[in-house]
Structure formats: C-alpha cells, structure tokens
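Each reported figure results from applying straightforward, stated rules to the coordinates on display, with no laboratory input. In this text the structure is predicted, and so the values were computed from the model without any measurement. Note that each Cβ is placed from the backbone with ideal geometry, even for glycine, and that neighbours are counted across all protein chains shown.
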Amino acid sequence: MAPGGAWLPLVLVLHGGGGNAVNAEDMTGFTAKAAKEGFIVVYPEGSSRFRGKLLTWNAGHCCGYAMQRRVNDVAFINALLDRLIQDYPVDPKRIYATGMSNGGMMSHRLGIELSSRFAAIAPVVAALFGDEKAPAHPVPALMLNGMLDKSVPHQGGAPGGRFPDAWDGTAAKPAQAQAAFWAQANGCGAAPDTLDRAAFVLSQYRCPAGRDVQLYLIKDNGHSWPGGRPGSRRADTPSSSLNGTDVIWEFFRAHAK
C-alpha cells in the first residue's frame, strides 16, 4: 500500500513503433510527473524479431512485426494489469493508457477491447482506420495530434514521412474521426464545440458526465510528444507551446470508473 494506505492511479505509457520503455520514459517525462502527483507509471514494451530493438504493438493496421505476426497485445496488457494489481497498490477504478504513434493506436485498441478496465485513454499523434468496433462501455478519450505531422497526418490518408511502410497500407482516418468515434461510443453530441487558440485548436464534445471527449490539434507539433523530448536525432521537434504530459494527466485525474 502507498503511505496512508491509499490505492494509486496507474498510467500505462506505450512507446511508439521502433521505440522501447526507456525511449518512452525519456520523451514523455511521465516518471517525474508520477513522482510529483502520486501515481504509478509503467512503460510496457512491444515485440520484435530483434531482441529489444524496433519494438512494435499490434494495433490492428499498425505496426511492423507485431501487426504482421498478429501478436495478441491486448491479452498481454490484460495480463499485465492483473499482475500489477496483484503486486502494487493499484486502484482498479483509475487505470489509464496513453502512448505515441503506434503506442497511441494501441491505446485506442485497449480502450475499445478492454473498455471495462480503462478509466480513460489519451492517444498521441495516432489514428483510427474506420473499421473499429464500438467498445462495450464508455471510455473518456483525449487525443493530441500535430498539425505538422507527416508520418500520421492529421488530415488522414496513407502513412508518410519516415515510416511509409509502418502499417498495412490502409488509409488512416482524419484526426477528427478519432474524436467522432469516441463521441458516438460515449453518447455525446454529434458536433463538437471548437476553440481556436494561438497554439492549438481544441474540439470538445458535449457528453454525459464522466464521458468527456477532447481533441487537440497542436499547431507547432509534428510527429513528436508535445512538450517532451525528441525520440531520436532525426525526430520532429516537439511542440513548445503545449505540454502533453501535463494535459493528459489533468484529463486522467478527472476520470474514474
């Protein structure tokens, strides 16, 4: 148990395609955030044909090895949650998933297929593909996409940038379609309220209490973790106008099962 016998929120941070746990921790800064705010953060790793390198998640249409081999990453995460609840003071009503790119797509899949377990999700520079089934239960969803992203373009379409072969060629839906999917699943209004600011465009749906759906289109962000560190020397420069980790945690802390 935590000091005082408290059960703690759990945040899963899923690395992007080709990344790993260390990379995800370094890019997002979630370890420092967890220490400050008092929650547990875990950085799971996907799979690869190379030991510890070029790790990916099977998010359906993406990405790489895990997609091609049809790795059952949903079952892996489900079993991981059981183990974490067994070994640590995890509050089962406050379990969250976020991730970048392939990890963000996997966050979508977890929200859909493990909707009874996740209190909220926050995919970053990710996408949906239009053939996803509705989740069995509502899941609050926050999405952050970069308007300068060429790898997962916010307008939708084929994969581009440095990763044209990362997924199976199925065209991604526009970023707004992610929000519309979760708005419908959560019983929200059909059209969002839009707030256009210097740094971002925020779309917020009118939803039943506790089922919020929000989409940030960040104007100075490419394929990177907004407000974080670049994932590699060749990676896009992250947004300097919005801190994704802060925004995500504020969203998560407001939602519980």
| Taking amide H positions as placed 1.01 Å from N in the peptide plane, with prolines and chain starts having none, which residues 5 or more places from L128, or on another chain, fall under 5 Å of its amide H? | K173, Q178
| query | Residues of segment 171-194 with amide nitrogen under 16 Å from the 7 Å Cα-to-Cβ point of A158? | reply | 171-173
| Which whole-Hz couplings ³J(HN,Hα) result when phi for each residue of segment 131-137 is put into the Karplus expression 6.51 cos²θ - 1.76 cosθ + 1.60, θ = phi - 60°, listed in order with x for Gly and Pro? | 10, 6, 7, 5, x, 6, 9
| task | Would you mind telling me the antiparallel percentage of the DSSP bridges in the chain, rounded to 5? | result | 40
| note | So the pair-distance distribution of the chain, from every Cα-Cα distance in 10 Å bins, comes to percents of 8, 34, 39, 17, 2, 0
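Rounding to the nearest 20 debye, state how big the charge dipole of the chain is about its Cα centre with +1 on each Lys and Arg Cβ and -1 on each Asp and Glu Cβ. The partial results should precede the final answer.
Details: 25 positive and 21 negative charges, 58 e Å.
Taking the Cα centre of the chain as origin, the dipole is about 280 debye.
Compute the FRET efficiency between R70 and Q184 as 1/(1 + (r/R0)^6), taking r as their Cβ-Cβ distance and R0 = 35 Å, and round to the nearest 0.05. Intermediate results must be reported in sequence, preceding the final value.
Numbers: r = 27 Å, r/R0 = 0.78.
The computed FRET efficiency comes out at 0.80.
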| query | With each pseudo-label sitting 7 Å past Cα toward Cβ, what's the S116-W7 distance in nm, one decimal? | reply | 1.6
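Counting other Cβ atoms within 10 Å, keep those with at most 15, restrict to DSSP loop, and tell me which trypsin sites (Lys or Arg not before Pro) in segment 29-99 are left. Numbers along the way, then the final one.
Values: sites: K33, K36, R49, R51, K53, R69, R70, R83, K93, R94; in loops: R49, R51, R69, R70.
Passing both the DSSP loop test and the Cβ count: R49, R51, R69, R70.
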| Overall Cα dimensions of segment 161-257, principal axis frame, Å, largest first | 43, 31, 28
| query | Could you give me the ³J(HN,Hα) list for segment 222-237, computed from phi with Karplus coefficients 6.51, -1.76, 1.60 and θ = phi - 60°, whole Hz, x at Gly and Pro? | reply | x, 8, 7, 8, x, x, x, 10, x, x, 7, 5, 9, 6, 4, 6
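Suppose only helical runs count, i.e. DSSP H with n ≥ 4. What mean residue ellipticity at 222 nm does that imply for the chain under -39500 (n - 2.57) per run, divided by all residues and rounded to the nearest 500 deg cm²/dmol? If you can, show how the numbers build up before the last one.
Numbers: 7 runs with 69 residues, N = 257.
Value at 222 nm, helices only: -8000 deg cm²/dmol.
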